[in-house]
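The values are calculated or read from the model by the stated rules, or taken from the named source; none is laboratory data. If you're wondering where the values come from, they're calculated on a predicted model, not measured in any experiment. Note: ideal-geometry Cβ built from the backbone for every residue, glycine included; neighbour counts use all protein chains shown. Just the protein is used for accessible areas: all its heavy atoms, side chains included, with ligands, DNA and RNA removed. Shrake-Rupley method; radii C 1.70, N 1.55, O 1.52, S 1.80 Å.
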Amino acid sequence: MDPSNPTTFDHRTESLTTGRTYHFVDQVPKDFDPKRTTTLLCLHGFPDLWYGWRYQIGPWVRSGYRVVVPDMLGYGGTDKPQDPSDYSTQRLCADLAALLDLLSVQRAVSSR
């Protein structure tokens, strides 16, 4: 992972059970164990993308964490609905829960 080169990160784009499509970076450590590895879910604010976390992702992964960083709804490669109600806290939380379900993550530590 080279912070100056976005293509060196593990990018994914997936359809969630909420009906939305999210782009996210999913970096796992060398000794990744889905049952034991702690997942860090990093959320960006306005106006930003997953790329705002580029300098933190590598050190955390090398420390043994799985790091998941989505482009939030309306940003980057993630869906951009026109209806403002799609951006409610309840719907955004449902999307994040669906993303973690997709990745089979039962617990995560979140940072913003």
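Restricted to the stretch 3-14, and to residues that are within 16 Å of residue 59 (Cβ to Cβ) and in contact (Cβ under 8 Å) with a residue 40 or more places away in the chain, which residue is surrounded by the most Cβ atoms within 10 Å (Cβ to Cβ)?
So, considering only residues that are within 16 Å of residue 59 (Cβ to Cβ) and in contact (Cβ under 8 Å) with a residue 40 or more places away in the chain, the one surrounded by the most Cβ atoms within 10 Å (Cβ to Cβ) is 9.
Condition test on residue 111, is it modelled with pLDDT under 95 and of a type in the set (Ser, Thr, Tyr)? Step through it out loud before you land on a result.
Numbers: modelled with pLDDT under 95: yes; of a type in the set (Ser, Thr, Tyr): yes.
Spelling it out, residue 111 is indeed modelled with pLDDT under 95 and of a type in the set (Ser, Thr, Tyr).
Of all residues in the stretch 77-97 being surrounded by fewer than 18 Cβ atoms within 10 Å (Cβ to Cβ) and under 15 Å from the mean Cα position of the chain (by Cα), which is nearest to residue 22 (Cα to Cα)? Working first, answer last.
The first filter runs over the stretch 77-97 and keeps only residues surrounded by fewer than 18 Cβ atoms within 10 Å (Cβ to Cβ), leaving 77, 80-94, 97.
Restricting the remaining residues to those that are under 15 Å from the mean Cα position of the chain (by Cα) gives 77, 92-94, 97.
Numbers: 77: 7, 92: 11, 93: 13, 94: 13, 97: 12 Å.
Ranking the qualifying residues of the stretch 77-97, first place goes to 77.
Restricting the stretch 20-60 to residues that are assigned to a helix (DSSP H, G or I) and buried (at least 18 other Cβ atoms within 10 Å of the Cβ), which is farthest from the chain's Cα centre (by Cα)? Show your work before the answer.
In the first step, residues of the stretch 20-60 are kept if they are assigned to a helix (DSSP H, G or I); the result is 50-60.
Subsequent filtering for residues that are buried (at least 18 other Cβ atoms within 10 Å of the Cβ) retains 50, 53-54, 57, 60.
Values: 50: 7, 53: 10, 54: 12, 57: 11, 60: 14 Å.
Within the stretch 20-60, the match that is farthest from the chain's Cα centre (by Cα) is 60.
Scan the stretch 31-68 for residues that are over 27 Å from residue 87 (Cα atoms) and small (Gly, Ala, Ser) and jot them down. Lay out the reasoning, then the answer.
So in the stretch 31-68, the residues over 27 Å from residue 87 (Cα atoms) come out as 31-38, 55, 58-65.
Result: 58, 63, 64.
Part of a loop (DSSP other than H, G, I, E, B), out of contact with any His (no Cβ under 9 Å at 6 or more places or on another chain) and of a type in the set (A, V, I, L, M), is that true of residue 68?
Details: part of a loop (DSSP other than H, G, I, E, B): no; out of contact with any His (no Cβ under 9 Å at 6 or more places or on another chain): yes; of a type in the set (A, V, I, L, M): yes.
Taking the combined requirement at face value, the residue does not satisfy it.
Has the stretch 57-74 got any residue that is acidic (Asp, Glu) and more than 18 Å from residue 13 (Cβ to Cβ)?
Going residue by residue through the stretch 57-74, those that are acidic (Asp, Glu) are 71.
Still in the list and also more than 18 Å from residue 13 (Cβ to Cβ): none.
The answer is no, given that none of the residues of the stretch 57-74 is acidic (Asp, Glu) and more than 18 Å from residue 13 (Cβ to Cβ).
Would you pick out the residues in the stretch 62-76 that are over 14 Å from residue 27 (Cα atoms), open to solvent by 30 Å² or more (accessible area, probe 1.4 Å) and in contact with a strand residue (DSSP E or B) (Cβ under 6 Å, 6 or more places away or on another chain)?
Once the filter is applied, which keeps residues that are over 14 Å from residue 27 (Cα atoms), open to solvent by 30 Å² or more (accessible area, probe 1.4 Å) and in contact with a strand residue (DSSP E or B) (Cβ under 6 Å, 6 or more places away or on another chain), the stretch 62-76 yields only 76.
Could you please give the count of residues in the stretch 98-112 that are open to solvent by 80 Å² or more (accessible area, probe 1.4 Å), of a type in the set (S, T, N, Q) and touching a residue at least 24 places away in the same chain (Cβ under 8 Å)?
Count: 1.
For residue 17, state whether it is assigned to a strand (DSSP E or B) and open to solvent by 70 Å² or more (accessible area, probe 1.4 Å). Spell out the reasoning first.
Details: assigned to a strand (DSSP E or B): no; open to solvent by 70 Å² or more (accessible area, probe 1.4 Å): yes.
Taking the combined requirement at face value, the residue does not satisfy it.
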